[in-house]
Amino acid sequence: MQKKYSWYSLLKAGFSDQDWDQAIPLVEPKSKYDVIIIGGGGHGLATAYYLAKECGITNVAVVEKGYIGGGNTGRNTTIIRSNYLRDEASSLYEHSMKLWEGLSEDLNFNVMFSQRGVYNLGHTLQDMRDIERRVNANVLNGVDAVVVDAKEIKEQIPIINTSKNVRYPIMGSSFQARGGVARHDGVAWGFARAASILGVDIIQNCEVIDIEVEEGRVKGVKTTKGDIIADRVGCVSAGHSSVIAKMAGLKVPVESHPLQAFVSEAMKPILHTVVMSNAVHGYVSQSDKGDLVIGAGIDGYNSYAQRGSAKIVEHCAAAILELFPIFSRVRMNRQWGGIVDVCPDACPIISPTKVEGLYFNCGWGTGGFKATPGSGNVFAHTIAQDKQHELAEPFHIDRFTSGALIDEHGAAGVAH
Amino acid sequence: MFLIDCPYCKESRDQNEFSPAGEAFIARPQNPEDLSDAEWADYVFYRSNHKGDQWEQWVHTNGCRKYFLVKRSTISHEIIKVAAFGEVTSDSEL
Amino acid sequence: MRIENHSSHQIDYSQSLTFIFNNKTYKGYKGDTLASALVANDVLFFARSFKYGRKRGLMAAGVEEPNALISLEIGGRYTPNLKATEVMLYDGLSAVSSSNPNALDFRALIKPFHRFMPAGFYYKTFIKQKVWAKVENSLRALSGFSKAPTEKDVDVYDHVFHHAEVVVIGGGVAGISAALEVLNNSKTERVILVDEREHLGGELFNEFSTDDAASTWHKDSIEKLFSYMNEDNSRLTLFLRSAAYAWYDHNYIEVLETNATGESLVTEQGQAARKTIHKIRAKEVILATGAHERPMLFETNDLANIMLSQSVRRFLNEFGVISGKDIVLYGNNDSIYSTAIDLNNINIKCTVVDVRSSEIQSEIVTNVKGLGVKVFQGYAILKANGTHLVRSIELSQVALQGKEWNVSGGSQQLKCDLLATSGGFNPVVHLDCHCGAKTFYDEVSQSFLPQKERNNRQVCGSVAGVGAWQDAVGDAKNKAQLTLKSLGIVKKINQDKLSTNYLNFFNVSQFFTPVEILNRPKVFLDMQNDVTTLDVALSIREGYRSIEHIKRYTAMGFGTDQGKTGNINGIAVAAKFLGISMSEVGTTTFRPAYTGVDFGAMAGREIGDFFDPQRYTTINDCHVSSGAEFEVVGQWYRPWYYPINGEDIHQAVNRECLAARTSLGMMDASTLGKIDVQGSDAREFLSRVYTNAWMKLAPGSCRYGLMCNEKGMIIDDGVSTCINDNHFIMTTTTGGAASVYSALEMWLQTEWSNLDVHLNSVTDQYATIAVVGPNARNLMKVLCQDVDFDRQNFKFMQWRPGTVCGVDARIMRISFSGELAYEINIEANYGYYIWNQVALAGKKWNITPYGTESMHVLRAEKGYIIVGQDTDGSMTPMDVNMGWILAKDKPFSYIGRRSFSISALNSEERFQLVGLLTKDEQVVLPEGSHIIDNKSRSIGYVTSSYYSPILGRSIALAQLKGGLSKMSETVLVKIVQEKQGLKEIPCEVSSSVFYDINGEKVDGND
């Protein structure tokens, strides 16, 4: 039985040389599992956790080619919100949001979910129409959201530049008070630890090199640590989804692109909320450590390299200075890139495939982190019941053939 | 930040002058009406998204505005070859 | 203190400077860094650490410094988080500690509780969401270093682009040698040499006092370099105070040149850039980035005046300052003996503690012993004593048994006031790894070295593990030869011979990681974030075993120094606790930036007015003088409405709309995209990209077209004009012009290269003025005499060439309002003139300029869609009730057509565009409000909504699920914002055409 995290255990450990149990036990793969999850990011670990916790399937392995949380989970700007436009998307993200709200307690691991609010700024009349549309849709869907004008924004964020005398003046914003950020590594570790306690094997440094398919049914996976048998395999490998799909003779309608982010050196807190702008393109929040965490745009070319172009980052810095001129002498400490799997309709795929027993959860593009618990939850149920969870139904891969796309581009204000 | 040889301008120029335009050799079907929905979806939405060397289309947006072909590694970003449009028509050529 | 009369190499004693630190005034000299000037003034405490708020002093002399974080200046020059070691002193400089070491600090006050706050503390506590929400803000207040700026930067920044055949990064011995070797052996090749310091020479200055050959070599080499720089059309460019901070794909290197840190740059000549980013594209790169010294590990190794040995040397030799009188030098290699010699030369007492046994007898060790310096061989420091400042050390014997270091025997105390340590050297491999190159652990030099082979790149000097400066010269020459070969300049390369021990010149011992020491408390690895060896051990115990996990769990290397001094020790400690090799642990990923880069510098000039191009029509001055309010559409500024006499937007729009409906309005339509389509296949081309038919459109006529993408979704619309059989002018939406033009080019080049079609964007070449209203024909007759405006001879959807006020024009009779209307197209530069002429001639009919808002009202009254407002990328032509525009019998399957037969695009539940009429005619629905069903679920939303002055009531367009089959039904629109005090507004679903349903107005009334 693992030691529970609490004030009491911290006190006790303080007197006994910090004798904590392994949060992430080092295990070697067994030869057979009920379910194998490919990909030890937040979504994969969450899937394993909910399989064990809610679906009663504990004989589960998560196989990760590197270290857990080392992909997009550990590379994103950690913004959490559920104010999506379409009913299908907002239901899924709101499901996730509700899970976030109880996640630290559920996992007995503080993922530092901080509901400091998220502003999505509007800079043109059409931005504001889109914001009104989205906010109203949110409210009807039970998602908290309001439209705020430039004056209110200035009151809440005194350091923001609401001057009308700039290239793209801030006209208003949507605001989701329940939105915020979380500690990304903590999310991966919290799910991993909680899943391990329930019996899930988390196997790191174990790369899947092939998927065994016989007569249209998945039989297991070949890995760098040997072959593992399983009737059901869930692929949650983000930017590498196409690579894994190919192993099973499948194709997924995603493309992998670099998405970059950067952080400043840590300063005393000055920005207490999350500010996002599509029109000038940059997202920013200030972490609990004090650094500004900034998200830039994606590069248009395909890449598996976890790095992008300088111009994207530099343009993003300019965008941040348009919003916050006071940050000009603040310095970038570090920049990096992730590999995002972008779907044509800016919505994920949570779906069975033509190979029986093989399921895919991918295509989260630039917005997967916020969905981590919700995605894992509905995917776990989808795998366990071999039937899509109700909230996952609209995200079937067949929508690209039927045309039933869930176009979120409009909501993001990107397409127009 | 790639350095790209435009096969039309015959110059190596900075990536800022170019735009990526997707995977190469995705030909528009001759008779779309004859295709099944799945075949049509394959053309519209599905790309190989290859990890490794792949042919792709680029356009010299802020230059000659010509589309051309680039064989590039999606792992290392190394550009292996460039070709004028039509000079190569499938992965196996060149 | 300052060593009087010391021949320090960077200081100009003739220029005394005054500066303020933590509210006290001090003096320094030109050439000082803030750090050296403070050391000269015996300031030993610079700031507090992140987690425990421990008082800290200097550790290093350069960018690797983890502790001495300060805030510079105030107001518009306030700069947070600078390292005192990277700020060059200037007169009047004013700085404060990032967190005051002399004030009470909460983090330090709770010292007794630190034992309960191990790495990962926060993951284990405040687990209840409500509790976390309450405490988070108070915890946040403790975080961060300097305060954030509060004012706008007064300075500007530049970007400059360069090309070079060879870029040499690092201006120490190796860099200088490599640059010279390339220059000496080539004729036209351009070389850029970059160094982050003030002077070329790197660590070589340290050798000057003991090695005349070093100073002679330096003098000669610099002279030679400068002779190249002084040539006409010099091939050599030198950037000093310039840090190469990022290496992107294809040898694209970004260098940040610091022209000033906090001093003013405004002169009579203007304002110079504070910093400049040099963007260099190099054919070949030679990395000579040197190495950072790493500290030795022992308990409370973070006390002030525990420094790096080479840094102490640098402070002494370059700046003539030292912060102690009774010095202990401690390390595992010969370099500390060089420091001992330097100190001995200026009669400062020092003692050497060397973990290596007395069996190691380098020449320098013997020399130092010969000087009478006390040398402890085979001894380790277990602990440093002192409150905040080192006062003494605890020594014990140590021996390497196999691969294990074992401490034995009792300990003894040794007094000191400065402890300088060296645990070996960490090559500065950072840049090399930005683009995916790897490192490998080299057992000989006990360091991670850059991967051996890499295209178009060489490494030389200490970054390649080379120790002695003479070897660095040889190594650099050899590597430069390889560069020359790669450039094709030399065929046969000459290779100098290096000394046999060139890879471990300093005889660095095996990594010094005795568990007796590592298991002690307060053995700090990362000074800035207070990460200790026990944190690493805990991380591993808890299963965070990957070095990336260790980093993330403990925050090791997350600071502004990015772990330059601490990380490799951390890796060694992890290797020890994991029981695996350094190489198996590996490094964390090196990412830009090598050193911090100001956001302002990253943005360069592309902020403010230059953030994004601003586009104005040639008529803009007229709009400005008419008092127009503007709307941003794409990059354009378009007149939104023209208020007069204090009107608000509604009053102005009502007036403008009524003018157009009842007499005459005019509008600047120049921003619409215009694409000139020419060639014998122009018709065929239009037929392929538009949904409707174009083969029979006669010259002299115009036609509206709707454009879809392959998904079958509307992406653009506009009127195209047939000039002749081989020539059309297409118009696009204002926002869509660029993307449509690109898409058309793509189709032509990649799919239909057999079509004879040529495209040209002519948006900027024409100005377009729409004259709209029942009196439009009367006006046109006045303006243009050579066109027959008779309604039968110049019909709706036709165009005529003519002369308007003496200017050649194309006049299109098209209408986006339903009224009789003409669009006058003239060469752009006549826009201003013709606008004024139209306004003058139109006075008779009270011609009224109107903006985009009235345009929207007028078109909505007629049910004309705005792509991007009434559609959102998910609407088909059928969805907007425009099935009529889909040609049935075109032989070519036009873009998007195939998708129309997909099942989901034919669902009855699709969102369809309809009109909405509020039951209360005076209520204007807010745009973006939703239509709800009886369970209060959204079934659609309002895309456009206006008060229609001509109808005297509100009108709206909406996307409604299955809307086209719900005509005349009553639906409820929910006003969530309650702006109008209403909750649910009943509306009737109607046709989207509200006014002039039979289209009788388009011919005018004359």
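The values are calculated or read from the model by the stated rules, or taken from the named source; none is laboratory data. What you are looking at is a predicted structure, and each value in this text was computed from that prediction instead of being measured. Cβ placement follows ideal geometry from the backbone for every residue including glycine, while neighbour counts extend to all protein chains displayed.
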Pair list, Cβ under 9 Å, 6 or more apart: segment C:630-649 residue part of a strand (DSSP E or B), other residue basic (Lys, Arg): C:PHE630/C:ARG638; C:GLU631/C:ARG638; C:VAL632/A:ARG167; C:VAL632/C:ARG638; C:TRP636/C:ARG615; C:TYR637/C:ARG615
Answer residue from segment C:655-702, given it is of a type in the set (Lys, Arg) and closer than 28 Å to C:ALA839 by Cα and is surrounded by the fewest Cβ atoms within 10 Å (Cβ to Cβ) among those: C:ARG655
Single match in C:LEU17, C:LEU82 (criterion: within 14 Å of chain A (Cβ to nearest Cβ) and assigned to a strand (DSSP E or B)): C:LEU82
Helices (runs of 4 or more DSSP H) wholly inside segment C:509-564 containing at least 1 residues that are at the interface with another protein chain (Cβ under 10 Å from one of its Cβ atoms): C:533-541, C:547-554
Some residue of segment B:44-60 being surrounded by fewer than 20 Cβ atoms within 10 Å (Cβ to Cβ) and over 16 Å from the mean Cα position of the chain (by Cα): no
Check on C:LEU238, farther than 23 Å from A:GLU314 by Cα, assigned to a strand (DSSP E or B), modelled with pLDDT of 95 or more and not assigned by TED's automatic domain parsing to the domain that holds C:ARG313: yes
Residue in segment C:542-563 that is nearest to C:LYS124 (Cα to Cα), counting only those that are at pLDDT 95 or above and among the charged types (D, E, K, R): C:GLU542
Filter pass, A:LEU323 being closer than 26 Å to A:MET171 by Cβ and not hydroxyl-bearing (Ser, Thr, Tyr): yes
Subset of segment B:3-41 [under 18 Å from A:PRO253 (Cβ atoms), in a strand (DSSP E or B) and of a type in the set (Asp, Glu)]: B:GLU23
Scan of segment A:103-130 for residues that are at the interface with chain C (Cβ under 7 Å from one of its Cβ atoms) and not in a loop (DSSP other than H, G, I, E, B), ordered by number: A:SER104, A:GLU105, A:SER114, A:LEU125, A:GLN126, A:ARG129
Matching residues, segment C:846-899, being more than 14 Å from C:LEU706 (Cα to Cα), in a helix (DSSP H, G or I) and within 14 Å of chain B (Cβ to nearest Cβ): C:ARG898, C:SER899
Among (1) in a strand (DSSP E or B); (2) at the interface with another protein chain (Cβ under 10 Å from one of its Cβ atoms) - the single one B:ALA84 does not satisfy: (2)
Output for segment C:761-804, where each listed residue is in a loop (DSSP other than H, G, I, E, B), over 51 Å from the mean Cα position of the chain (by Cα) and not charged (D, E, K, R): C:PRO774, C:ASN775, C:CYS784, C:GLN785, C:VAL787, C:PHE789, C:GLN792, C:ASN793, C:PHE794, C:PHE796
Strands (runs of 3 or more DSSP E) contained in segment C:422-474 and holding at least 2 residues touching a residue at least 40 places away in the same chain (Cβ under 8 Å) and over 19 Å from C:LEU498 (Cβ atoms): C:439-442
Residue match in segment C:401-413 (condition: touching a Pro at 6+ places or on another chain (Cβ under 6 Å), over 19 Å from C:THR210 (Cα atoms) and not assigned by TED's automatic domain parsing to the domain that holds C:VAL523): yes
Count of residues meeting criterion [outside any helix (DSSP H, G or I), touching a residue at least 40 places away in the same chain (Cβ under 8 Å) and among the basic types (Lys, Arg)] in segment A:155-196: 3
Residue in segment C:601-616 that is more than 10 Å from chain A (Cβ to nearest Cβ), of a type outside the set (Val, Ile, Thr), out of contact with any strand residue (DSSP E or B) (no Cβ under 8 Å at 6 or more places or on another chain) and touching a residue at least 12 places away in the same chain (Cβ under 8 Å) present: no
Inter-residue pairs, beta-carbon under 6 Å, first touching a residue at least 12 places away in the same chain (Cβ under 8 Å) and in segment C:739-756, second buried (at least 18 other Cβ atoms within 10 Å of the Cβ) and in a helix (DSSP H, G or I), 6+ apart: C:LEU755/C:PHE685
Test result for A:GLY70, part of a loop (DSSP other than H, G, I, E, B), within 14 Å of chain C (Cβ to nearest Cβ), in contact (Cβ under 8 Å) with a residue 60 or more places away in the chain and under 22 Å from A:PHE360 (Cβ atoms): no
Search result, residues across segment C:133-151 that are at the interface with chain A (Cβ under 7 Å from one of its Cβ atoms) and either assigned to a helix (DSSP H, G or I) or in contact with a Gly (Cβ under 6 Å, 6 or more places away or on another chain) (or both): C:ALA133, C:GLU136, C:LEU139, C:ARG140, C:ALA141, C:SER143, C:GLY144, C:GLU151
Count - residues of segment C:91-132 that are part of a loop (DSSP other than H, G, I, E, B), within 30 Å of C:ASP32 (Cβ to Cβ) and not acidic (Asp, Glu): 7
Candidate set from segment C:707-720 (those that are over 11 Å from C:THR731 (Cα atoms) and in a strand (DSSP E or B)); member that is nearest to the chain's Cα centre (by Cα): C:ILE715
Hits in segment C:909-921 (condition: away from every other protein chain (no Cβ under 13 Å), in a loop (DSSP other than H, G, I, E, B) and either farther than 22 Å from C:TYR864 by Cα or within 45 Å of the chain's Cα centre (by Cα) (or both)): C:LYS919, C:ASP920
Some residue of segment C:350-358 being assigned by TED's automatic domain parsing to the domain that holds C:ASP326, surrounded by fewer than 18 Cβ atoms within 10 Å (Cβ to Cβ), in contact with a strand residue (DSSP E or B) (Cβ under 9 Å, 6 or more places away or on another chain) and not polar (S, T, N, Q): no
A:VAL135 being farther than 30 Å from A:GLN2 by Cα, surrounded by fewer than 23 Cβ atoms within 10 Å (Cβ to Cβ) and at the interface with another protein chain (Cβ under 9 Å from one of its Cβ atoms): no
Residue in segment C:94-106 that is more than 30 Å from A:ILE320 (Cα to Cα) and either within 10 Å of chain A (Cβ to nearest Cβ) or modelled with pLDDT of 95 or more (or both) present: no
